[in-house]
Every structure is written in C-alpha cells, then in structure tokens.
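Remarks on the structure that follows.
The values are calculated or read from the model by the stated rules, or taken from the named source; none is laboratory data. This is a predicted model, so every value here is computed, not measured.
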Amino acid sequence: MTIDPRIGFYLSIVLAVISFLAGAGTQFTTLFGEHTANIILSVCVLLLGVGNAVNAVLHAIPSKPGAANEFLLGPAAPKP
C-alpha cells in the first residue's frame, strides 16, 4: 500500500491553520466570550493532537511502489 505524499502535505497545511487559530486564541475571549473561547481552543488542541498523530503515521508509509517492507509500523521483512 502506498500513500500519495500530497495527502500528508495537505494535512500539514490544515494543521498549520488550526495551529494559527489556537495561537490566536487570546483574541477569542474578546470576540466570543470566555465560555465559547474555551470550547474553540479545546477543539483546536484536540484536532492538532489527532491530526499530528495521523500525519506521523502517513509519513511512515512508503510512497514508492514495492516498498511495503519499508513501512516502519508494519511487520518486519522476512530474513533470507
């Protein structure tokens, strides 16, 4: 199984936007109030954690055909 490297690239862009929103969270209290700001920041942090874990696994999957035995999280290749 191979994964197109562009998937990880697009996921990284989405995570960068979420990171920006989490970093700009100090302004959310002024815009939305304290309770809503806490909800927005909690969701951002949750999405960042899950997204980065998925992105790490996607980067471990080889992107070239025939390289399934190079998958870091897969079974070890049989020894000759």
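What single numbered condition from (1) within 21 Å of the chain's Cα centre (by Cα); (2) at pLDDT below 85; (3) among the polar types (S, T, N, Q) fails to hold for Thr26?
Going through the list (1) within 21 Å of the chain's Cα centre (by Cα); (2) at pLDDT below 85; (3) among the polar types (S, T, N, Q), Thr26 breaks only (1).
List the number of the failed condition for Pro62; all other conditions in (1) at positive phi; (2) modelled with pLDDT under 85 hold.
Of (1) at positive phi; (2) modelled with pLDDT under 85, only one is false for Pro62: (1).
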